[in-house]
Structure formats: structure tokens, C-alpha cells
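The values are calculated or read from the model by the stated rules, or taken from the named source; none is laboratory data. Keep in mind it's a predicted model, so treat the numbers as computed, not measured. Quick reminder, even Gly has a Cβ in these numbers, built from the backbone with ideal geometry, and neighbours come from all protein chains shown.
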Amino acid sequence: MGSTVETLEFQAETRQLLRLVIHSIYSNKDIFLRELISNASDALDKLRLESLIDSGLDADTSDLHIALEVDPRARTLTVRDNGIGMSRDDLVELIGTIAKSGTAGLLEKIKETDDAAAAQSLIGQFGVGFYSAFMVADRVTLTTRRAGGEAGTRWESDGEGTYEVQAVDGLPVGTSVTLHLKPADGEDGLADYLAEWKIRQIVKQYSDFIRWPIRMASEHTDAEGATTRQVDTLNSMKALWARPRSEVTEAEYAEFYQQISHDWLPPAETVHMRAEGTFEYEALLFIPAQAPFDLFSRDAKRGVQLYVKRVFIMDDCEALMPDYLRFVKGVVDAHDLSLNISREILQHDRQIRGVRRRLVKKVLGALKDVQAKDAERYAKLWEQFGRVLKEGLIEDADSTEALLELVSATSTHDAERSTTLREYVGRMKDGQEAIYYLTGEDRATVENSPHMEAFAAKGYEVLILTDPVDEVWVERVPGFDGHRLQSIAKGQVDLDEPADGDEQAGAEKARREQEFAALLPWLTQALSGHVKEVRLSSRLTTSAACVVGDAQDMTPTLEKMYRAMGQELPPVKRILELNPTHPLIVALRTAHEANPGDPALAEVAELVHGGALLAEGGDLPDPARFTRLLTDRLARGL
């Protein structure tokens with residue numbers, strides 16, 4: 001028998017808040033079922049826990065589950081659980097939260113929030129996800145009885161002005177929420193929530209890994225055409241991340257990875273972790289064996305899947321994984337977040353930033369382990385993901401040291417095999433302070449660069465960096481293991497610097513500087529439109545000249561990259577270095593000494609500068625003029 005029905009009225013502000021929940025906050029109406037199933041799962045968790053604490057609790061925990069029931073004639077969908085249930089006071093405290101929390105302050109916060117996702121977060125903080133049911137239902141009826149309690153309670157509302165509360169006898173332990181569904185309306189985003197396929201789809205997407213079985217009766221036709229009605233379990237309950245790693249097989253990991261990534265290859269590496277403490281979460285991350293085709297596409301989806309207590313929240317949670325690890329796939333299941341957490345809130349959440357740091361550390365640590373244990377397999381991974389990992393040297397200052405340990409580059413040491421910075425340092429010459437490198441479009445261009453001549457002659461190893469991102473990160477990173485990174489095409493590189501006490505070498509250097517004392521300032525003036533200085537070089541052995549930049553100058557390749565992106569840059573004048581032993585430079589010096597005013601000398605100076613630009617793969621300032629000067633000079637020489 002039921003008691004007298006109490007009809008209570010929502011506060012004015014609460015009515016406005018409820019309208020926002022129903023009509024504005026949730027853009028995807030399907031999530032009403034996610035909310036109700038999540039509430040049911042929490043109720044089952046609480047009953048299991050309370051039964052362990054209170055052995056005298058009158059509750060059956062042998063078959064805890066969630067049941068979905070569809071009645072097409074009545075147009076109702078019921079979500080039923082045999083969990084902890086609620087007393088009348090619990091019902092007012094929990095389900096009636098919207099009446100209690102309908103303050104002008106909360107309403108003002110939501111009104112001030114332009115973004116619907118951020119508003120969802122505010123709603124979630126007040127525990128009213130249950131009210132998303134009114135998006136799809138004209139009326140909601142809830143019946144419940146708490147474990148250990150005698151009387152049950154019935155709650156009902158149409159989501160408008162009032163709600164009813166009534167004591168009811170004879171209810172089972174648990175909670176039942178019945179939605180009197182609105183008609184399907186495609187324009188309003190209302191699906192047919194009586195359709196079995198739609199219910200299965202929603203459960204699969206949002207609640208597949210809920211630990212309790214979600215059951216629904218459906219009709220099945222056998223081979224003879226006979227129709228029977230049987231109960232199916234809709235969710236897999238296989239949340240691999242919640243199981244100890246020792247209990248999960250590699251085949252299960254591979255199957256799950258292929259399910260979430262749609263990759264036909266098994267993952268190259270698996271990271272399975274659990275964090276306990278003030279913020280608990282589990283994570284199951286995968287490093288693919290092959291880069292996805294859209295790795296460098298701006299429109300590609302990035303980030304890992306976010307769950308809260310096994311309930312799916314969002315597919316591409318960028319706040320949990322930096323952009324340079326966008327190839328990582330997987331799941332993070334947090335225990336203490338709201339189901340309605342938004343992307344904007346996640347980006348500014350201190351705990352989420354802490355999770356992100358630990359995930360990055362784990363992924364980079366996994367790559368380091370592969371590097372240490374299987375160099376060949378690591379080389380394949382670096383070939384696939386090295387370019388994006390190097391983006392981290394620009395974006396993530398906190399992980400610079402770990403990323404530098406992972407960097408692999410070709411070098412002059414071995415034409416076939418790449419080297420790590422650690423290996424490079426181990427081969428450095430006695431007294432060598434810098435890690436030398438040269439950037440360029442490809443290995444052949446770099447190896448044939450005039451800048452390489454002296455380093456090759458003297459046996460210094462040079463890193464060959466040919467990825468576009470190399471132009472940027474080498475400028476951002478101060479050094480590795482106490483050794484600075486130095487471009488051999490920038491600054492003063494004096495490999496012939498006389499050792500202390502080497503008077504003969506010092507005298508030879510001083511003699512050359514004296515011999516070219518008149519030519520160098522004249523060339524600097526003659527080429528003032530293109531270079532800032534002309535000086536003698538110690539990096540050349542066979543070429544006549546090369547063009548270098550100051551230590552802080554932008555490289556020509558980087559200039560091209562910026563201009564290709566539409567950025568205007570002021571012209572950068574570089575330095576022309578001459579090989580004092582080359583016959584052309586010696587002849588130019590002699591001719592200048594004999595007749596400094598000869599106009600033909602200025603043309604030779606232009607040819608020397610143009611040849612240096614071409615040798616490094618650069619662009620001539622005036623190709624037509626260079627060609628004319630060269631052909632005229634050749635014609636006069638024949």
C-alpha cells in the first residue's frame with residue numbers, strides 16, 4: 001500500500017536550471033542512458049562495499065546487475081539495478097539535489113558560460129546528470145528501496161514545475177528509473193530509444209566496460225524459424241586496464257588495441273599502469289608499430305580515450321597527451337572526475353596535468369627500454385615517429401633530457417647506421433667540447449657541403465640532420481650531457497686554432513692574415529649588398545669559399561620554411577669565408593694587389609659568392625646575372 005503523495009514545487013531558479021539541463025547543456029541526447037547506467041553502477045559498487053563492512057546487511061549480492069527493459073506499448077524505457085537503493089531522505093538529498101542547489105549563484109555561473117561543454121562541467125559538479133533523462137522523456141518515475149530498509153519510495157516528475165514523492169511498500173532492494181519517452185524526432189536529435197539496436201549501440205559506446213553486467217531481454221529466431229525471448233548481456237565488462245598485467249595476455253592486448261585504433265598490426269609496445277593516492281587512475285597505452293597516414297594532418301584526431309569509473313567520456317582527450325605523442329593510442333580511466341567534465345576544464349585541471357606528466361614519462365620510458373634492449377626494433381620505431389618526437393624538444397621543456405636520450409640521427413661516422421647523442425659523445429675526440437651538426441635537405445647535400453671539408457679531413461664526426469623540425473629544435477636545446485650543440489655552418493669554427501706553445505702554427509696564421517689584409521675589406525665592401533663580412537676560413541680544404549651565418553642567425557632553410565608559411569622576414573646577410581690556399585682565391589688576391597681598381601675583380605667577387613651559395617644548396621639573388629657573368633668569364637678564358 002502506498003502513503004499520501006506529496007507534491008512539491010521547484011524553486012523559480014531551479015526551474016530555469018532544469019530547462020538548461022534539458023534543452024541547452026547536453027548536445028548529444030544519447031548520453032542520458034550513460035548517466036543512468038553510471039548511477040546504477042555506482043549503486044552496485046556501494047552495495048558490494050557496504051555488504052563487506054556490514055555482515056548483517058539484508059541484501060543479496062550474488063547476482064548484482066543492471067537491467068534495461070523496453071515496453072513499446074507504454075513507450076517506456078526502464079533502467080533497473082539491485083544495488084544499494086535509497087531511503088526517502090537519500091532520495092531528497094541525492095535526486096532532489098536540483099531543488100536544494102537551485103541557487104541564483106549556480107544559475108548565474110551557467111548563464112555566464114558561453115561554451116556548452118563547460119556548462120556541462122558545472123552541472124556535473126551539482127550531481128544532476130540524472131536530469132538528462134528529461135531530454136528524452138516527458139515524465140520520469142523512480143522507485144527505490146535502500147538495503148536494510150523496510151519502506152520504499154516513489155519519485156515522479158515531468159521536469160516542469162513540480163515533483164511528487166510517495167512512500168511505497170513491497171519494493172525490492174535497488175532502484176528503478178522509468179522514462180516515459182518522447183516521440184522520435186530526428187531534427188531535435190531524438191532517436192528511437194525503444195529500438196533494440198539503438199540501445200545496444202549506446203551501451204557499446206559508453207558503458208561497454210562497466211564492471212557489472214547490463215542485461216536486456218530480446219527476441220531471437222532459431223534456424224527453424226521459432227522465436228524465443230532471452231536475456232542478453234550487452235556489455236563486454238572486459239576493462240583490460242583494470243586487471244593486473246600478469247592476468248592479461250598479449251593476444252588480449254593486441255585485440256583491444258586493434259579495437260580502439262582500427263590498426264591491423266599489433267602494437268609495438270604496451271604501457272599498462274595504475275596510480276594510487278590522492279588521484280587514482282588506470283592507464284593502458286599503446287605505441288603503434290606503424291605511423292598512421294594522418295600523423296601530420298591538422299584534422300587528425302589526437303589524444304587518448306577518457307573514462308571515469310569505466311564510463312566512456314570522450315574519444316580524443318588532448319589534455320592527457322601532448323601533441324608530439326599524438327601517435328599514442330589507449331585509455332585513461334580516472335576515478336575522481338565528474339562524468340560531465342569538459343575539454344576546457346581538463347586543460348586547466350591541476351590533477352589532469354599531473355596525470356599527463358606521468359603518462360609522458362611512462363611512454364618515453366617505454367621507448368627508452370626498447371632502445372636499450374632491441375636497437376633494430378627501436379630504429380624502426382624512430383623511423384616512424386622520430387619526426388614527431390623531436391617536436392617535443394620544442395614543446396616540452398620538462399621532457400628535454402628524456403627526449404634527447406631518444407634522438408637518433410645519421411652522421412658521418414657510419415653511412416648505414418644512425419647514432420644516438422650518447423653514442424656520439426662516447427666517440428668525441430680528446431678536447432672536443434661541442435657536438436657538431438649540419439642541417440640540410442638531404443644527406444647527399446649535407447655530405448657534399450663545403451662546410452664538411454675540414455671536419456672530414458680532421459676526422460671530426462658531424463651529425464647530419466635533414467628533417468625540417470631539426471632546423472628548430474637544435475636552436476632550442478642548449479646541449480647534451482654538458483656539450484653544446486654547434487652548427488658547423490654558423491659562427492666561428494676554428495679547427496686550426498694553434499695549440500699553446502705552437503709558435504710555428506701561430507706564425508703561419510698571422511702571415512696569412514697579413515697577406516689578405518687588403519683583400520678582405522675590399523671584398524666586404526664590394527659584396528656589401530649580400531654579405532656582412534668576408535673573412536678567412538679554417539673549415540675549407542678544397543672549395544674556394546663558403547657562406548656561413550653568425551651564431552644567432554637563422555639558417556637559410558629555416559628562412560624558406562617561414563616564408564613558405566607566409567611570414568615576412570627581414571633579409572639576413574651572412575658571412576663569406578675564403579679558403580686562403582685555393583688557387584682562385586690566391587689569384588684574386590694577387591690581381592687585387594696588382595690593380596685594385598680593375599672592374600673585372602668585382603665580377604669575380606660576385607662569382608665566388610654565387611658559387612658558395614650554390615655549393616650549399618642555396619638560392620642565387622640574381623640567377624640571370626650570375627649566368628651572364630659566368631659565361632662571359634668562360635668565353636674570355638677560352
**Message:** Name the residue that is nearest to Arg512 (Cα to Cα), counting only residues in segment 572-585 that are in contact with a helix residue (DSSP H, G or I) (Cβ under 9 Å, 6 or more places away or on another chain) and surrounded by fewer than 16 Cβ atoms within 10 Å (Cβ to Cβ).
**Reply:** Thr581
**Complete:** Taking segment 608-618 and keeping only residues that are buried (at least 18 other Cβ atoms within 10 Å of the Cβ) and either hydroxyl-bearing (Ser, Thr, Tyr) or in a helix (DSSP H, G or I) (or both), one is left with Val608, His609, Gly610, Gly611, Ala612, Leu613, Ala615
**Asked** Before we move on, is Ile214 within 23 Å of Ala74 (Cβ to Cβ) and touching a His at 6+ places or on another chain (Cβ under 8 Å)?
**Response** yes
**Message:** When you scan segment 548-559, do you find a residue that is surrounded by 16 or more Cβ atoms within 10 Å (Cβ to Cβ), over 37 Å from the mean Cα position of the chain (by Cα) and not in a loop (DSSP other than H, G, I, E, B), even just one?
**Reply:** no
**Request:** Within segment 150-158, identify whether any single residue is among the aliphatic types (A, V, I, L, M), assigned to a strand (DSSP E or B) and at pLDDT 80 or above, and answer yes or no.
**Result:** no
**Message:** Looking at (1) in contact with a helix residue (DSSP H, G or I) (Cβ under 6 Å, 6 or more places away or on another chain); (2) at pLDDT 55 or above; (3) surrounded by fewer than 17 Cβ atoms within 10 Å (Cβ to Cβ), which one does Asp58 not meet, given that it meets all the others?
**Reply:** (1)
**Request:** Provide a single number: the residues in segment 160-182 that are surrounded by fewer than 21 Cβ atoms within 10 Å (Cβ to Cβ), part of a loop (DSSP other than H, G, I, E, B) and touching a residue at least 40 places away in the same chain (Cβ under 8 Å).
**Result:** 5
**Request:** Determine which single condition Gly440 fails, assuming it passes every other condition in (1) more than 30 Å from Lys573 (Cβ to Cβ); (2) within 30 Å of the chain's Cα centre (by Cα); (3) modelled with pLDDT under 90.
**Result:** (1)
**Message:** If a residue must be assigned to a loop (DSSP other than H, G, I, E, B), in contact with a helix residue (DSSP H, G or I) (Cβ under 9 Å, 6 or more places away or on another chain) and of a type outside the set (A, V, I, L, M, F, W, C), how many such residues does segment 515-547 contain?
**Reply:** 7
**Request:** Please note which helices (runs of 4 or more DSSP H) are completely contained in segment 424-490 and include at least 3 residues that are in contact with a Leu (Cβ under 6 Å, 6 or more places away or on another chain).
**Result:** 453-458, 470-476
**Asked** Any idea which of (1) touching a residue at least 60 places away in the same chain (Cβ under 8 Å); (2) over 22 Å from Asp208 (Cα atoms) is the one Trp241 doesn't satisfy?
**Response** (2)
**Request:** List every residue pair whose Cβ atoms sit under 9 Å apart, with the two residues 6 or more apart in sequence or on different chains, where the first one lies in segment 358-386 and is touching a residue at least 40 places away in the same chain (Cβ under 8 Å) and the second, anywhere, is of a type in the set (Phe, Trp, Tyr).
**Result:** Leu367/Tyr378; Leu367/Trp382; Leu367/Phe385; Val370/Tyr378; Gln371/Tyr378; Gln371/Trp382; Gln384/Phe327; Phe385/Phe327
**Asked** Among Ala67, Ala118, which is the only one that is modelled with pLDDT under 55 and of a type in the set (A, V, I, L, M, F, W, C)?
**Response** Ala118
**Matching entry among Leu519, Leu527, Leu536 (being farther than 25 Å from Leu438 by Cβ, in contact (Cβ under 8 Å) with a residue 12 or more places away in the chain and of a type in the set (A, V, I, L, M))** = Leu519
**Asked** Thr631 fails exactly one of the following numbered conditions: (1) surrounded by fewer than 13 Cβ atoms within 10 Å (Cβ to Cβ); (2) in contact with a Cys (Cβ under 8 Å, 6 or more places away or on another chain). What is the number of that condition?
**Response** (2)
**Prompt:** If you check Ala289, Ala283, Ala254, which single one turns out to be under 16 Å from the mean Cα position of the chain (by Cα), among the aliphatic types (A, V, I, L, M) and either at negative phi or assigned to a strand (DSSP E or B) (or both)?
**Reply:** Ala283
